[in-house]
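Novice: Below: one structure in structure tokens.
The values are calculated or read from the model by the stated rules, or taken from the named source; none is laboratory data. Being a predicted model, the structure only gives us computed values, none of them experimental. Reconstructed Cβ throughout: ideal geometry from the backbone, glycine too, with neighbour counts over all protein chains shown. Calculation scope for accessible area: heavy atoms of the full protein, side chains included, ligands and nucleic acids excluded. Shrake-Rupley method; radii C 1.70, N 1.55, O 1.52, S 1.80 Å.
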Amino acid sequence: MSLPNADLSLSAEDALLLFRDLEEYAVSLDRIMSRLAAGADPGILADYLVDRRVAARLARARGTVGDALEAVIGAEALEDIAEGVFRYSGP
């Protein structure tokens, strides 16, 4: 998809919150994956995801970025993008 050459509107507060969350996820998941590779109990991943409310925080981040994108590309284009992404569907 070709995006228009436009600036997104994202407040400094939203950007800071997103950065903090992404920093936590990148570092924490890297450490967890290293521990799993070394034989740690896979439950540490589930514990982290639940204890740190990762799903809810990612949903909030998606909403923040989605709102900014929607203002530039429109709701229909954003929905088309959302429909085209991978979704885990289980075994």
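Novice: What number goes with the only condition from (1) in a helix (DSSP H, G or I); (2) of a type outside the set (K, R); (3) surrounded by 10 or more Cβ atoms within 10 Å (Cβ to Cβ) that L10 does not pass?
Specialist: Condition not satisfied by L10: (1).
Novice: Does Y25 qualify as being among the aromatic types (F, W, Y), in a helix (DSSP H, G or I) and within 13 Å of the chain's Cα centre (by Cα)?
Specialist: Values: among the aromatic types (F, W, Y): yes; in a helix (DSSP H, G or I): yes; within 13 Å of the chain's Cα centre (by Cα): yes.
So Y25 fits the description; yes.
Novice: Among the helices (runs of 4 or more DSSP H) confined wholly to segment 30-83, which include 3 or more residues that are small (G, A, S), within 18 Å of L18 (Cα to Cα) and open to solvent by less than 60 Å² (accessible area, probe 1.4 Å)? Step through it out loud before you land on a result.
Specialist: Numbers: elements: 43-51, 54-73, 75-83.
Fully inside segment 30-83 and qualifying: 54-73.
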